[in-house]
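Notes to accompany the following structure.
The values are calculated or read from the model by the stated rules, or taken from the named source; none is laboratory data. The structure displayed is predicted, hence computed values, not measured ones. For neighbour counting, all protein chains shown are included, and Cβ atoms are generated from backbone atoms with ideal geometry for every residue, glycine included. Remember, those area values only see protein heavy atoms, side chains included, never the ligands or the DNA or RNA. Shrake-Rupley method; radii C 1.70, N 1.55, O 1.52, S 1.80 Å.
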Amino acid sequence: MTGRAERGALPGFGLSLGVTLLYLALLVLVPLATVVLRTASLPLERIWELATSARALASYRLTFGAAALAAAINLVFGVLVAWVLERYRFPGRRVVDALVDLPFALPTAVAGIALAAVYAPNGWIGRWLEPLGVKIAYTPLGVVVALTFIGLPFVVRTVQPVLADLDPALEEAAATLGAGRLATLRRVVLPELAPAAATGFVLALARGLGEYGSVIFIAGNLPMKSEITALLIMVRLEEYDYAGATAIALVFLAASFLLLLTLNRLARGSRPGAAR
Amino acid sequence: MSGHFRDPRAEPAWLRWTLCALALGFLALFLAVPVAAVFAQAFSKGWQVYAAAIREPMALAAVKLTVIVAAIVVPLNTAFGLAAAWAVARFRFRGKQLLVTLIDLPFSVSPVVAGMLFVLLFGAQGLLGPWLTERGVRILFALPGIVLATLFVTLPFVARQLIPLMESQGAAEEEAALTLGASGWKTFLWVTLPKIRWALLYGLILTNARAMGEFGAVSVVSGHIRGRTNTIPLHVEILYNEYQFAAAFAVASLLTLLALVTLAAQAGLARRLRDG
């Protein structure tokens with residue numbers, strides 16, 4: 001008893017770490033290991049062939065393109081929404097602030113059918129776009145709309161705390177030195193927000209790449225045209241083509257790994273103390 | 001000019017209005033309109049159709065299965081989150097960073113790939129599938145598979161809420177309790193738990209929302225057997241694909257209500273967390 005207190009160590013190290021490792025091993029490591037085993041049992045050329053079939057390549061182009069475009073939309077509007085929520089006071093601000101997390105809380109299938117209904121040619125919004133010749137539902141644009149919805153909270157939530165902690169003296173100094181308000185925003189405020197906004201962009205991109213539920217209802221799902229990569233994996237699994245599904249999933253895992261590395265680099269670059 | 005001071009950090013009124021209108025317009029288009037559409041579509045054929053869709057035996061079976069899955073997943077991942085947070089936030093050990101990365105990993109895996117991991121493990125041509133089938137154990141297309149996929153997808157939520165909080169709180173109070181002769185479990189129950197209860201509840205609510213709403217991963221492992229392996233989101237998908245739109249949106253409105261309650265609870269808890 002006294003020995004433990006003198007060492008200053010808390011009890012439960014072995015138990016808590018043991019439970020954690022066992023749980024992670026059973027739920028995460030063993031399943032991931034089966035992917036490695038499955039991959040190792042296939043010749044490399046075969047994996048390459050499966051992962052780069054014309055249909056797979058078309059799905060990567062659509063998925064990566066739509067996810068990048070959606071993340072870019074969220075980059076611009078995310079900074080804007082964060083700014084409005086942090087700096088302006090208006091009735092209902094708290095409700096709007098809470099609502100930003102909706103894409104995290106709303107099941108993706110519900111988001112999918114709701115967006116499809118709204119953006120369909122006879123839907124609340126689609127109805128107004130149809131005469132202009134803009135079709136969203138059941139086209140690649142539908143994928144962009146769904147991924148914009150799914151990625152919406154990331155940039156807002158990464159930028160908001162930085163904006164709240166921003167030293168008012170920075171902006172005051174710029175104003176005192178004769179900078180107009182717009183110049184101050186562009187030259188002083190935006191550069192301060194850039195690392196957080198970039199982190200939010202990458203998070204939204206990563207989420208968009210793997211998204212399934214919200215997209216399939218609005219995308220049309222035509223092979224080579226409006227079929228996302230996650231759906232193609234699903235199709236392969238339904239055909240019991242495990243090798244084909246694994247090969248395409250490897251491309252996904254590689255992309256997530258690269259994005260994780262980017263995130264780590266961004267986190268290191270914007271660590272407090274480095275700049276201030 | 002000399003009569004009134006202008007806040008150097010305030011934008012001209014026209015700019016303020018424009019930014020507000022753009023930000024709120026964006027949120028209305030992507031968040032408010034789809035949510036409103038869910039309820040409008042749900043009641044488009046009147047109360048009777050709504051009530052019938054929800055009281056239908058297949059819908060009730062889906063609700064029951066979803067509640068069972070959440071009742072298994074939430075306690076397990078909460079116990080894991082507590083163990084992981086205790087190990088990571090209270091002790092130094094080698095490989096800690098790797099362990100934290102591993103805990104976060106399910107967030108960066110596409111839900112479809114998450115489901116695929118368990119198909120590769122337990123499927124008919126999977127690693128353990130044939131061996132288990134011989135012994136009459138059914139994992140895939142049954143409750144265990146759905147629980148495993150949901151456990152994987154929601155694994156990080158509680159741990160992620162607790163680790164940063166417990167790290168910032170430090171262990172001084174726990175050490176004091178131990179020095180005064182309290183046992184390890186007593187210290188955990190009476191000192192640690194009260195300090196982390198709001199963050200724990202926050203993580204629990206997020207886990208529950210995702211567990212009840214998960215679509216992609218569950219879709220891969222469930223097999224869509226009506227009345228047997230359909231969760232609420234899968235039931236919505238089936239109704240929608242059968243063009244029973246009013247019924248699909250009626251069932252989806254239940255999940256939307258869950259999401260809105262989750263958001264309200266999150267907002268309330270976030271305030272408590274900020275205030276200590």
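Summary of computed values
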{"read-out": "Region A:50-269: radius of gyration over Cα atoms, expressed as a fraction of 2.2 N^0.38 Å", "value": "1.16"}
{"read-out": "Under 5 Å, built H, 5+ apart or other chain: amide partners of B:Asn230", "value": "B:Ile225"}
{"read-out": "Cβ-Cβ FRET estimate between A:Asp165 and B:Cys20, R0 fixed at 22 Å, reported to 0.05", "value": "0.50"}
{"read-out": "Helical contribution to [θ] at 222 nm, DSSP H n ≥ 4, -39,500 (n - 2.57), averaged over chain A, rounded to 500", "value": "-23000 deg cm²/dmol"}
{"read-out": "Rounded percent of accessible protein surface that carbon and sulfur make up, region B:237-276, 1.4 Å probe", "value": "59"}
{"read-out": "Highest-MSF residue in chain B out of B:Ala149, B:Ala87, B:Ala59 [GNM, Cα springs under 10 Å]", "value": "B:Ala87"}
{"read-out": "Area of A:Asp97 that stays accessible when all protein chains are in place (1.4 Å probe, Å², to 10)", "value": "50"}
{"read-out": "Phi-based couplings in Hz for region A:212-229 (Karplus 6.51, -1.76, 1.60; Gly and Pro marked x)", "value": "10, x, 6, 7, 5, 7, 10, 8, x, 6, 7, x, 6, 10, 9, 9, 7, 5"}
{"read-out": "Per residue accessible area of region B:172-235, 1.4 Å probe, in Å²", "value": "42"}
{"read-out": "Cross-link reach list, lysines versus B:Lys186, counting only Cα pairs under 30 Å and skipping chain neighbours closer than eight places", "value": "B:Lys96, B:Lys195"}
{"read-out": "For the pair B and A, total buried accessible area rounded to nearest 100 Å², probe 1.4 Å", "value": "7800"}
{"read-out": "Among A:Leu261, A:Leu193, A:Leu141, residue whose mean-square fluctuation peaks in a GNM of chain A (springs only between Cα atoms under 10 Å)", "value": "A:Leu261"}
{"read-out": "GNM top mover of B:Trp17, B:Trp131, B:Trp47 - chain B, alpha-carbon springs below 10 Å", "value": "B:Trp17"}
{"read-out": "Nearby aspartates and glutamates by direct alpha-carbon distance to B:Lys64 (threshold 18 angstrom, same-chain neighbours under 8 apart not counted)", "value": "B:Glu56, B:Glu214, B:Glu237"}
{"read-out": "In Hz, Karplus ³J(HN,Hα) per residue of region B:199-212 (6.51, -1.76, 1.60; θ = phi - 60°; x = Gly, Pro)", "value": "5, 4, 4, 4, x, 4, 5, 5, 4, 4, 4, 5, 5, 6"}
{"read-out": "For region A:241-252, 3J(HN,Hα) per residue [Karplus equation, 6.51 cos²θ - 1.76 cosθ + 1.60, θ = phi - 60°, Hz, x = Gly/Pro]", "value": "8, 5, 5, x, 5, 4, 4, 6, 5, 4, 4, 4"}
{"read-out": "Cα-based shape type of chain B, given that a ≥ b ≥ c are square roots of the gyration tensor eigenvalues and the cut on a/c is 1.5", "value": "oblate"}
{"read-out": "Heavy-atom accessible area per residue - region A:50-269, 1.4 Å, Å²", "value": "40"}
{"read-out": "Carbon plus sulfur fraction of accessible area for region A:22-126, probe 1.4 Å, in percent", "value": "72"}
{"read-out": "Cβ charges +1 (Lys, Arg) and -1 (Asp, Glu), total dipole of region A:50-269, debye", "value": "340"}
{"read-out": "Sequence-distant lysines (8 or more away, or on other chains) whose Cα lies within less than 18 Å of A:Lys135", "value": "A:Lys225"}
{"read-out": "Accessible-area value, B:Glu167, 1.4 Å probe, nucleic acids and ligands omitted, Å²", "value": "100"}
{"read-out": "Positive dipole terminus of region A:50-269, leading residue within A:Leu141, A:Thr184, A:Val156 (C-beta point charges)", "value": "A:Thr184"}
{"read-out": "Charge dipole magnitude, Cβ of K and R +1, D and E -1 - region A:139-231, Cα centre, debye nearest 20", "value": "280"}
{"read-out": "Most to least packed among B:96-103, A:175-182, B:78-85 [average Cβ atoms within 10 Å]", "value": "B:78-85, B:96-103, A:175-182"}
{"read-out": "Kirkwood-based shape ratio for region B:1-147, expressed as Rg/Rh from alpha carbons", "value": "1.19"}
{"read-out": "Net charge dipole size for the protein assembly as shown [Lys, Arg +1 and Asp, Glu -1 on Cβ; Debye, nearest 20]", "value": "600"}
{"read-out": "Burial of 30 Å² or greater, region B:77-112 residues [accessible area, probe 1.4 Å, versus chain by itself]", "value": "B:Phe80, B:Ala83, B:Trp86, B:Ala87, B:Phe91, B:Phe93, B:Leu99, B:Leu102, B:Leu105, B:Ser108, B:Ser110, B:Val112"}
{"read-out": "For residues of A:89-101, the mean tally of beta carbons on other chains within 10 Å", "value": "3"}
{"read-out": "Expected 222 nm ellipticity per residue - DSSP helices of 4 or more, -39500 (n - 2.57), all of chain B, to 500", "value": "-23500 deg cm²/dmol"}
